[in-house]
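The values are calculated or read from the model by the stated rules, or taken from the named source; none is laboratory data. The structure displayed is predicted, hence computed values, not measured ones. Cβ: placed from backbone, ideal geometry, glycine included. Neighbour counts: every protein chain shown. Note: accessible area is taken over every heavy atom of the protein model, side chains too, but ligands, DNA and RNA are not part of it. Shrake-Rupley method; radii C 1.70, N 1.55, O 1.52, S 1.80 Å.
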Amino acid sequence: MGTTIATNALLERKGENVLFITTKGLKDVLKIGNQSRPKIFDLKVQRPEVLYEDALEVDERVRRLMPNETVPEDAFILDLQEENLSDILSKYLDWVPNVLEARKGSIYVKGLSGGYFQVLTAPNLSILRSSIEEKLKNRNISSIAVALLHSYAFPLHEKLVEKVVQTLDGVEHLSLSHELMPMLKIVPRGSTSCVDAYLTPKIKKYIKGFCSGFQNQLEGVRVQFMQSDGGLCPVHHFCGFKAILSGPAGGVIGYAMTCYYSDANVIRDGNGNLQRRPVVGFDMGGTSTDVSRYNGTLEHIFETQTAGVMIQAPQLDIHTVAAGGGSRLFFRSGLFVVGPESSGAHPGPICYRKGGYLSITDANVVLGRVLPDLFPKIFGPQENESLDIQGSRQAMEKLTTEINAFRKQQDPHVADWSVEQVALGFIRVANETMCRPIRSITEARGYDVSEHTLAVFGGAGGQHACAVARSLGMKRVFVHRFSGILSAYGLGLAEDVTEAQEPCAIRLDNRNHHDQRLGEACQRLDILSERATAELASRGIPYENIKVDRYLHLRYQGTDFGLMIREPEDGDYVKAFIHEYETEHGFRILARDICVDDVRVRAYGTTSSIEKHSLEEAKDHSPGQPFMVSSCYFEQLGYTSTPVFLYSALKAKAEIEGPAMIVDPSGGVTAVIEPNCHAFITESGDLVIDVSVHKHSSENRHISMMDKEDVESQLKATIVTDRQHREEEQVDPIQLSIFSHRFMSIAEQMGRTLQRTAISTNIKERLDFSCALFDERGGLVANAPHVPVHLGSMQDAVGYQIRKLGKEWKAGDVILSNHPIAGGSHLPDITIITPVFVDGKPVFFVASRGHHADIGGLTPGSMPPFSRKLDDEGLALESFLLVHQGEFREREMVLELEKAGCRCIGDVISDLRAQVAANQKGILLLVDLCRSASLETVQSYMRYIQAAAAWSVRDMLRKLAHQALHYNQETTPQDLELDVQVASKESVVLKAVDFMDDASRIELRVIIDPNEGSATFDFTGTTAQVYGNTNAPRSVTASAVIYCLRCLVDREIPLNQGCLDPITIVIPEGSLLKPSSDAAVVGGNVLTSQRLVDVVLKAFGACAASQGCMNNFTFGNANVGYYETIAGGAGAGPGWNGSSGIHTHMTNTRITDAEVLESRYPVLLRKFLLRENSGGQGKYRGGDGVIREIEFLVPMTASILSERRVFAPWGSAGGADGLRGENYLIRKNNQVIFLGGRNSVPMNPGDAIRILTPGGGGFGLAQLK
């Protein structure tokens, strides 16, 4: 069985009232999460509410020993791997008062991972009991979730909580995080425990009610439920955190067990051997489309986000995109836009006759691809009418009129488009939207998408299958005979599954594939295998039907990216890991050990099989007479008489040439066989469609096989004649929308390549990087939305190199730059720029920028609080030739890093290689795009997409000017606060001023031309360059302006150079925002940039000030270095409260998980809490900042670089200011020392740094109650 009860309860937030119990100092750790905001351009930051009703902190603490630490000889030691857990618990309870509390020694525990933990504080059970009782009584709580720090390997304290809870009345359910998923990372594990506590009681009630409807409550009857991992479990083992994606999981099992193993999926390789094609699943429903991949084994992920909640559990790797039959259609800023808004089932598309919205389904109805006569009459208010063709057409006609009017404005001579052309345009844009996740699970991981079969299911998939396959170069489409109910069919094919997993702390020698420590891991796998096999046998599955897959979760030491490696035939896990890592990332790391983080087994028992289903064969391969002939619209052909066949009437081996349609009315499935496609019915009744694809689509090659000569020759082959090029000169809004998706997809895939191949925490886990495409002039075309402060500045970096190098820049040369005068932001942000040449001229550029962990300078982390000149901040290169004629100049780069005093040269070199690889990925994808469209067309649409962005910004400026013109007459200061200097039909002038903590002034006058839709951002009046490091290069100001413009547009638009085309930025020479070339700038990027955003948004009255800071915290010594930026409060605005504990505006980097932090660095995270009531009061409250306290265990230097410690984040429209931030040094003897906004201090063992980040300003006058 499958059920959506868990999914619905999660989406609708209708679970149980939960108490979340965690370690002291961390009660808000799930609220803060990874501190990033989901949509970086949304000023109204919206994050889903946490699932628990209340939280309780337990005064308990353990610390994980560093790899080089040893256990003291006089320590009291327990071994969780050798002794029974209940016996250990009894011994531990005896030791706590007699050893720990009596201060007679220390308790050390060898955890489940094999690593050691020191017990610092054990929980007081009597205090814990009374605290829980009080929460249960006051908050009507019946379910409890527990996640204590490091419990994945040290479960004793969670077991003590369980011991207490078992004595209490009224607790229906208890979820212990170590029992659910014993994996590193407190945030996803704690979130998972809350999901389980929130949903499992609901599931149990549902199951009880279900069983009560049967005789003897189904006792003795085998009832199983599908889980998110694609396996079945007994009814009484079914729990909340494994139930979320059970529906989509059924679909994956359905196509995996049918399409992949179908005879129609067998091909011959280059050597003549038979092999099966990997399969991409394409499940298109009403509101979204799910895609996944299968190549003989189910692909699982262990950390994912569903309905805004992080879940750590084995789940099938399914990617969802908000594009389905119900996706709404819009025309905005010259672009065709599909979704993400959905019309849903109610009211649904226009054709549902319920007052719905124009949607993809309506477009298919207009084109004749959905046939109302073959649909049941279930529509309309009384659910007794047929689909409304006329309603769909009228709505599409209205939108077509709007589109044609816009096109006439651009070119009065352009011919009008028909309703059908517009409808087909939306279909093409929707198809491209759905292609993006398919590219992510194939191309972005190193697989050739064209070598896959597309398995289509879901109600709407068959209408788009041929077009999606053709766009991706996929030659075969498979539509199962039960495609309309394949998820349900998959339930019947699924196997009984049980999993067992334990953490591990074994380190393997990269060069010794027979490391004896591998034997230890295999012994643990043997134990888990026996346990899992016994579990399945207890369910009645014969031993001979049970198989066990054994896995080691491996990663290179010092990296975050692990791979779950299935046991290879030769047993050499190390070789298998290196091979898979190199396949996915394009390189291997030779000098790093390999860490075993987890051992895992997945046992499954075969209880079902596919019944062979054979159809009668068709005579002479004829499909017979069609059921009807309909008129269907196709590109280039127009309306075409299209035979329609009923699926049930087709026989095996029947062949059908496109165009044609095959309809299964009972399953609600329509398959459109497009022109130049050939279909046939298999012996078992499945539909297979062979798709004609462009030749280039099957010629994709691996990055390493395409050198600079290959790139140039490939691009030359795409150049069209002048006559053809002139025909393409007129901009096509449909093509414009498709290219917008393709450009952004390329930038996103570059980003994924960089994230996967990088070494450092900054890039791989904190995601402090950006990737972008540029036209032949260096203008930004597409920038994947990674870090906002990089947005406008990267194009300055590319433009600088074009001007500086000119014709000296040759093919095969890659430039490194981080100098402020060369478009840099601050020195740790290193930009790698790769040009692509044809006949000696650049045709486009790709670039990536990443924040490197250390590039020298005064302090570890290269963020010195007191730098006075650029030389204090580390490596500064204006234009360095990193790759020359294809050769990576590592020796020369190392010399530069040594000269600058870099403390982790190896990591920097590895990350630079990753940036080069990301650029190369972008080039390969751009070349592939040119092969499908021509170089001139791609370049033209790069310009057109910039023009579309410019049009959006002009439109927004006109509206803002109109608002300012009517400000005094129609608004009050309580609704909106503007400083309007001039307001006329010719000019609107807005003004804003703010101050840095050193009293330096940022002054802005925005002069808007309401007629042109242009504006000048004039910073005249800004303070001169300061003798400090808050000077901001001009490129940072450009980034702040482009970010604010994008936020103010408040809808999806292409983010590129065009946003700045209507903008003139005036900055005084030698000022804070345009300093000299030797000025210190490290704080300008991370502090001044935030104040710039506050000033711009203040000028437009958009919202109150946010925390105005990134709270840059670094620490390190000769051996380690660490850098993080810390969340604060977001400003409130007209209609919304500010979000708490969130990164705002110019950054969106993640915070390192507490358990990862303590596992890698000799520190303890003592507090990570919301700073309650730090947000400004008002009609809408500002968000709260956070409190973060870190204790040091070894001598280090700690540095803080922060703002808003003097001038508070201001409120707007009568709202109160947020609280200022504060930084403290807490000595081991509890002496408290105020640090001010920036400082660098030596830390001794036991000392701590406490950082209180600012809250956001309030908006509007608070209403009196």
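Observations on the model:
- Among Ala900, Leu882, Thr937 - extreme Cα towards positive end, dipole of the range 865-982, charges at beta-carbon: Thr937
- Inter-part distance where the range 620-676 and the range 27-78 are each reduced to a Cα centre, Å: 57
- Percent of alpha-carbon pairs separated by more than 18 Å within the range 853-901: 35
- Contact order for the chain, expressed relative to its length and based on alpha carbon pairs under 8 Å spaced 6+ residues apart, stands at 9 percent.
- For the range 506-564 versus the range 324-365, the gap between their alpha-carbon centres in whole angstrom: 48
- Across the chain, the longest piece that holds none of the chymotrypsin sites (Phe, Trp or Tyr not before Pro) lying in DSSP loops with up to 11 other C-beta atoms within 10 Å covers 215-1026.
- Calculated SAXS-style log₁₀ I(q)/I(0) at q = 0.17, 0.23, 0.27, 0.29 Å⁻¹ - the range 628-691, Debye, Cα scatterers: -0.55, -0.97, -1.24, -1.34
- Whole-percent carbon and sulfur share, accessible surface of the chain, 1.4 Å: 48
- Since only Thr433, Met284, His826 are under comparison, the one whose Cα sits farthest along the positive direction of the charge dipole of the chain, derived from C-beta charges on Lys, Arg, Asp and Glu, is His826.
- Under the shape rule built on the C-alpha gyration tensor, where the axes satisfy a ≥ b ≥ c, the chain is rounded, since a/c falls short of 1.5.
- Of all DSSP beta bridges in the range 4-222, antiparallel share, percent nearest 5: 30
- Mean separation of Cα contacts under 8 Å (6+ apart) over length of the range 4-222, as relative contact order %: 25
- Cα convex hull volume per residue for the range 1104-1264 (Å³): 103
- 19 Å cut-off, amide nitrogen to a point 7 angstrom out along Glu134 Cα→Cβ, residues in the range 6-41: 18-28
- Net charge in the neighbourhood of Asp416 (other residues with Cβ under 9 Å of its Cβ; Lys, Arg +1, Asp, Glu -1) is +2.
- Simple Cβ-charge dipole of the range 628-691, Lys/Arg +1 and Asp/Glu -1, about Cα centre, in debye nearest 20: 180
- As a size descriptor, the averaged projected area of the C-alpha convex hull of the range 1013-1082 was calculated at 5.3 nm².
- For the chain, the solvent-accessible area of protein heavy atoms averages 37 Å² per residue (probe radius 1.4 Å; ligands and nucleic acids excluded).
- Near Leu1004: Cβ cut-off under 13 Å, other residues only, Lys/Arg at +1 and Asp/Glu at -1. The net charge is 0.
- Charged-residue dipole, Cβ positions (Lys, Arg, Asp, Glu), the chain about Cα centre, Debye nearest 20: 1880
- Helices meeting the span-like rule in the chain (full DSSP H runs, Cα extent of at least 20 Å along the helix axis, mean Kyte-Doolittle score of -0.5 or higher): 186-212, 419-441, 516-538, 733-757, 905-933, 935-965, 1034-1049.
- Alpha-carbon centroids, the range 990-1023 and the range 1075-1110: separation in whole Å: 12
- Applying Stokes-Einstein at 25 °C and 0.890 mPa s to the Kirkwood radius of the range 813-877, computed over alpha-carbon pairs, gives a translational diffusion coefficient of 190 µm² s⁻¹.
- Full extension of the chain segment joining Leu93 with Lys959 gains 304.9 nm, where the gain is 0.36 nm per residue of separation less the Cα-Cα distance.
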